[in-house]
Amino acid sequence: MHAKRKKRLTIVLFLLCGLGVAVALSTYALRQNISLFYDPSQIAAGEAPGEVRIRAGGMVEEGSVKRDLDSLKVNFRVTDYTASVTMQYDGILPDLFAEGQGVVATGRLQPDGVFIADQVLAKHDEQYMPPEVAESLERAAMLKKTVDKPAEGSASGY
Amino acid sequence: MLPELGQFSLILALLLACLLATVPLVGSLTGRDGLQAFARPLAAGQFVFLAVAFGILTHAFMVDDFSVSYVANNSNSMLPWYYKFSAVWGSHEGSLLLWTMILAGWTLAVAIFSRRLPAAMIAQVLAIMGMICVGFLLFMLITSSPFVRILPDVPADGADLNPLLQDFGLIVHPPMLYMGYVGFSVAFAFAIAALINGRLDAAWARWSRPWTTVAWAFLSIGIALGSWWAYYELGWGGWWFWDPVENASLLPWLAGTALVHSLAVTEKRGVFKSWTVLLAILTFSLSLLGAFLVRSGVLTSVHAFASDPERGKFLLALLAITIISSLTLYAFRAPVVHSRVRYGSLSREVFLLLNNVLMMAALLLVLVGTLYPLILDYLDLGRISIGEPFYNLTFSPVAIAVALLMGVGIFSRWKKTDAGWLGKHLLWPAAWSLVIAVLVPLWHGSFEPWAFIGCFAAAWVAVATLQDVWHKSASRHGRWHGAQRQSRSYYGMVLGHLGLAITMAGATVVSNYGIERDVRMSPGDTASIGELQFEFAAIGNREGANFTAQTAQVNVSKNGDPITTLYPEKRQYRVQQSIMTEAGIDGGLFRDLFVALGEQVGDNAWAMRLQYKPLVRWLWLGAIFMAVGGLLAVADKRYRIKEKLPAAKAGAGTKTGAGTGRGTDPGNDSAEVTA
């Protein structure tokens, strides 16, 4: 084999190795770290797995937020107006967290049906609805009554 | 009247851009010098009309012209004037105008600073940039004109700028970022012009190198500013969220970093030509991908709200046209280009190639993490999210590998490096890095494997770089004389590499040894982090220009000695009624103390987040080093020398190896690889 071809072969092999390592690492990491979204109806129907981290979201039920008296523990119910799920969180809730607002939480579903959240997201714009939540509400055929259409050109970044 | 003039000048800019995209190109292909000569004036005209449009929009903001829909949606008469100014690019339409004006600005800069380039080449480069400008101007005029009026029902006052964006960070972050994104269009235009001509040589690489380096420097600063802004303004002390929009800026940066290095090889040694061209195309395509991701509304993030699907389709079409046409051209023309330069397996060429491989691996990881959820969602296979753990697991090892490789690469020579000689040079960096990597965890009181590895890698890069400076500055006439003999691009490289080491050190230490506590506190309570005590002294109300705030007073002391007093705030902005968290930060080179006020959880009790952030400033300090390094490299003499004058004077006589006698190559000099 020519020296030149040999060198080319080495380079190609190097590139393939790098690519292979990247692909292997990322598929492994993906398998570990994907979290799927479930809405309260799916959770009530027992479709959500208990062992892995999932995301769940909906509207925070009016009057459901209960705080612990001497820590930052908080309980609230999240609903899509057909079913609801109790969430528990220990920490600081985002600024836009409020009853009647849409939220998305990441965490694990316990066997007793309580969702222990390690992260709660409410977006920075009060007119904004997390798409997952909007979709699940649509499914619950309640969208018209609960949210207005997001206003055109409502605040965005950059 | 003025806003209509703004719209007219956008249309005029579009017409000029259309001429720029065609006339000089036709001229250069048919050999008519007269037509080629139109390129420079057209580039200037296009910029002037965009600048006029931008000035008119700025004026509309300054005089509170709420009959302009964009102004009404993003400003308010109570907004301080500097935020009215930055609100010009506070939302989609205006930021697109800024983007396009910067594109025209780069085009004009190329027209001005490339007088020594062959006329045909410059005509083609400017024409290609004109085509890109046509794309963006059409996009702006069809889907998102900033000059649309609300008539006759002019609102009495504006809807205000999103309070998150009322901040110094926003004034500077987007322009810097866009300078970077758009700057890569110059490298792209040079690459396409070279493909058209079939002239992919060292001269081509030398022409496009300074432009790429400047764009890269701006992008580095832009990303760092975004990270800094997220750190203090989003309120909770995170500095990188692997948010798809952040990734959208990281992708072109990774490709750009690879490009800067690969251009160095192409310029110095005339190899990797096809690869470099491909990288230039890739880098700019990723900039466009970033624009698409951010602007189309496919993402849910701070940056992307309430978008129009038309805009997404338009940008996707623009991206597709760019990629397909440039890759088609590449497929037809690239095989023409080949080189017959030899290099050994331990040469600098190979180390830079490996750098490129790792950059591509990192890029692929981020790309997969960003696009995979979008594709699944599009195919209706479920909504997933890929968060931090994925990137920590995959990106960190690649970053470590980049650093370890760099330490070796710094000492390597073009063509061939003696393995024994290389090994001998690596002993000291290895020893020093080991010592530092052991000391840092000891100092912080706990051993973390990732902290050890990260500190070792950062120290490895820094020590190797400094040792290289030490060797290169050795001279019979004293060290100062020796140091002066090195070129500016060499010091640019040194700063760039040190910057990476600083950023890595900061990221490692703050993520392994940062302490964060969420506590419930009432006035009078004290909470501690390590040796630090945080006393919640009082809380009261404060009136700002356009907000009302509840301000807490937190006294921080260390073993009883007061250190500082912090005033975290919870602000309510009057117009949008939105609530913002303004953190209280005591910044320092070695640590930040960070207090954020959460919500009120009881009659008198508040949620508080207390944080100790060691070396967090190093993250952004490193980026400043990189950017200064980039600018220094561009200031190198050889970019201003008229003809092919060898810059070899600057070298410290470090040439070794096979010496195949490429003396005619300008700057055939091992000391001058730019970061």
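The values are calculated or read from the model by the stated rules, or taken from the named source; none is laboratory data. Source: prediction; values computed, not measured. FYI the Cβ positions are ideal-geometry reconstructions off the backbone, even for glycines, and counts take in every protein chain you see. We work out accessible area using only protein heavy atoms, side chains counted, and drop any ligands, DNA or RNA first. Shrake-Rupley method; radii C 1.70, N 1.55, O 1.52, S 1.80 Å.
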Does at least one position in the stretch A:55-72 carry a residue that is under 30 Å from residue B:361 (Cβ atoms) and without any contact (Cβ under 8 Å) to a residue 12 or more places away in the chain? no
Counting only residues that are part of a strand (DSSP E or B) and touching a residue at least 60 places away in the same chain (Cβ under 8 Å), how many does the stretch B:534-570 have? 4
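Restricting attention to the stretch B:497-533, report how many residues are in a strand (DSSP E or B) and surrounded by fewer than 22 Cβ atoms within 10 Å (Cβ to Cβ).
Result for the stretch B:497-533: 12.
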From the residues in the stretch A:73-95 that are buried (at least 21 other Cβ atoms within 10 Å of the Cβ) and free of Cβ contacts under 8 Å to residues at least 24 places away in the same chain, which one is farthest from the other protein chains (Cβ to nearest Cβ)? A:76
Taking residue A:98 as meeting all but one of (1) modelled with pLDDT of 80 or more; (2) within 9 Å of chain B (Cβ to nearest Cβ); (3) assigned to a loop (DSSP other than H, G, I, E, B), write down the number of the exception. (2)
Only one of (1) touching a His at 6+ places or on another chain (Cβ under 9 Å); (2) of a type in the set (A, V, I, L, M, F, W, C); (3) within 14 Å of another protein chain (Cβ to nearest Cβ) fails for residue B:461. Which number is that? (3)
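Specify the residue that is most open to solvent (accessible area, probe 1.4 Å); the eligible residues are those in the stretch B:572-595 that are touching a helix residue (DSSP H, G or I) at 6+ places or on another chain (Cβ under 7 Å) and part of a strand (DSSP E or B). Quick ask: steps written out before the conclusion?
The first filter runs over the stretch B:572-595 and keeps only residues touching a helix residue (DSSP H, G or I) at 6+ places or on another chain (Cβ under 7 Å), leaving B:573, B:576, B:578, B:580, B:583, B:585.
When the remaining residues are screened for being part of a strand (DSSP E or B), the result is B:573, B:580, B:585.
Numbers: B:573: 4, B:580: 12, B:585: 52 Å².
Of everything passing the filter in the stretch B:572-595, B:585 is most open to solvent (accessible area, probe 1.4 Å).
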Exactly one condition in (1) open to solvent by 60 Å² or more (accessible area, probe 1.4 Å); (2) over 16 Å from the mean Cα position of the chain (by Cα); (3) within 9 Å of chain B (Cβ to nearest Cβ) is not met by residue A:119; state its number. (2)
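Before we move on, is residue B:418 among the acidic types (Asp, Glu) and open to solvent by less than 30 Å² (accessible area, probe 1.4 Å)?
Against the criterion (among the acidic types (Asp, Glu) and open to solvent by less than 30 Å² (accessible area, probe 1.4 Å)), residue B:418 does not qualify.
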Subset of the stretch B:373-393 (residues that are open to solvent by 30 Å² or more (accessible area, probe 1.4 Å), more than 7 Å from every other protein chain (Cβ to nearest Cβ) and either assigned to a helix (DSSP H, G or I) or under 17 Å from residue A:54 (Cβ atoms) (or both)): B:374, B:375, B:377, B:378, B:381, B:388, B:392
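Are any of the residues in the stretch B:405-419 within 14 Å of chain A (Cβ to nearest Cβ), more than 25 Å from residue B:242 (Cβ to Cβ) and assigned to a loop (DSSP other than H, G, I, E, B)? Outline the logic, then answer.
Taking the stretch B:405-419 and keeping what is within 14 Å of chain A (Cβ to nearest Cβ), we get B:405, B:415-416.
So of that shortlist, the ones also more than 25 Å from residue B:242 (Cβ to Cβ) come out as B:415-416.
Applying the additional criterion that residues be assigned to a loop (DSSP other than H, G, I, E, B) yields B:415-416.
Looking through the stretch B:405-419, at least one residue is within 14 Å of chain A (Cβ to nearest Cβ), more than 25 Å from residue B:242 (Cβ to Cβ) and assigned to a loop (DSSP other than H, G, I, E, B).
For the stretch A:3-12: of the residues being of a type in the set (A, V, I, L, M) and surrounded by 11 or more Cβ atoms within 10 Å (Cβ to Cβ), which is farthest from residue B:356 (Cα to Cα)? Please lay out each step first, then the result.
Filtering the stretch A:3-12 for residues of a type in the set (A, V, I, L, M) gives A:3, A:9, A:11-12.
Restricting the remaining residues to those that are surrounded by 11 or more Cβ atoms within 10 Å (Cβ to Cβ) gives A:9, A:11.
Details: A:9: 17, A:11: 12 Å.
Among them, the one singled out is A:9.
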Lone unmet requirement of (1) in contact (Cβ under 8 Å) with a residue 60 or more places away in the chain; (2) open to solvent by 50 Å² or more (accessible area, probe 1.4 Å) for residue B:443: (1)
Of the conditions (1) hydrophobic (A, V, I, L, M, F, W, C); (2) more than 14 Å from every other protein chain (Cβ to nearest Cβ); (3) free of Cβ contacts under 8 Å to residues at least 12 places away in the same chain, the single one that residue B:579 does not satisfy is (2)
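Examine the stretch A:1-19 for a residue that is in contact (Cβ under 8 Å) with a residue 24 or more places away in the chain and either at the interface with chain B (Cβ under 9 Å from one of its Cβ atoms) or of a type in the set (Ser, Thr, Tyr) (or both), and state whether such a residue exists.
no
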Are there any pairs, at least 6 apart or on different chains, whose C-beta atoms fall under 6 Å, with the first in the stretch B:171-200 and farther than 20 Å from residue B:102 by Cβ and of a type in the set (A, V, I, L, M) and the second open to solvent by less than 30 Å² (accessible area, probe 1.4 Å) and outside any helix (DSSP H, G or I), and if so, which? B:194/B:200; B:200/B:337
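Kindly evaluate residue A:46 against the criterion of being more than 18 Å from residue B:385 (Cα to Cα), open to solvent by less than 70 Å² (accessible area, probe 1.4 Å) and either touching a residue at least 40 places away in the same chain (Cβ under 8 Å) or not in a helix (DSSP H, G or I) (or both).
Numbers: more than 18 Å from residue B:385 (Cα to Cα): yes; open to solvent by less than 70 Å² (accessible area, probe 1.4 Å): yes; either touching a residue at least 40 places away in the same chain (Cβ under 8 Å) or not in a helix (DSSP H, G or I) (or both): yes.
Here the answer is yes, as residue A:46 does meet what is asked.
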